[in-house]
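What follows is one structure encoded as structure tokens, with my remarks underneath.
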Amino acid sequence: PYKAITGHTWVMDVTPDILQLDAGDLQCWVDSEMEIRLQHGFSTAEFAHLPVLGVPGWWSGQDAAFYADTAVFRPRRKHSPQ
């Protein structure tokens with residue numbers, strides 16, 4: 001693996017009360033939201049890059065300098081509404 005290896009994620013903004021759900025109810029909520037989104041279609045522009053080695057605990061040497069590398073850890077792009 002290398003520092004800039006990425007996956008693609010679909011970020012779901014949620015309210016704090018959603019994060020308080022127990023695991024089963026949270027899974028049902030996510031499944032329902034995904035069903036709605038998939039029925040309405042989506043663009044790959046909605047995906048965000050996830051630097052896999054930036055997930056805390058997955059790679060040694062994850063100090064402030066590691067995360068300050070803007071070639072890997074860039075601000076999230078804003079996409080225009082369709």
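Values computed for the structure shown
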quantity	calculated
Total residues in the range 1-39, condition closer than 30 Å to ASP69 by Cβ, assigned to a loop (DSSP other than H, G, I, E, B) and touching a helix residue (DSSP H, G or I) at 6+ places or on another chain (Cβ under 9 Å)	8
The one condition in (1) among the acidic types (Asp, Glu); (2) open to solvent by less than 60 Å² (accessible area, probe 1.4 Å); (3) within 30 Å of TYR2 (Cβ to Cβ) that GLU33 fails to fulfil	(3)
Residues satisfying the stated conditions in the range 7-30, i.e. touching a residue at least 12 places away in the same chain (Cβ under 8 Å) and open to solvent by 60 Å² or more (accessible area, probe 1.4 Å)	HIS8
Number of the exception - PHE42 against (1) under 30 Å from GLY61 (Cα atoms); (2) in a loop (DSSP other than H, G, I, E, B); (3) open to solvent by 60 Å² or more (accessible area, probe 1.4 Å)	(1)
Identity of the residue in the range 45-66, touching a Phe, Trp or Tyr at 6+ places or on another chain (Cβ under 9 Å) and over 19 Å from THR9 (Cα atoms), that ends up least open to solvent (accessible area, probe 1.4 Å)	PHE66
Residue within the range 69-78 that is without any contact (Cβ under 8 Å) to a residue 12 or more places away in the chain and among the small types (Gly, Ala, Ser) present	no
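The values are calculated or read from the model by the stated rules, or taken from the named source; none is laboratory data. These numbers come from a predicted model, not from an experiment. Using ideal geometry, Cβ is built from the backbone for each residue, glycine included, and neighbour counts are taken over all protein chains shown. Keep in mind that these areas ignore ligands, DNA and RNA; they rest on the heavy atoms of the full protein, side chains included. Shrake-Rupley method; radii C 1.70, N 1.55, O 1.52, S 1.80 Å.
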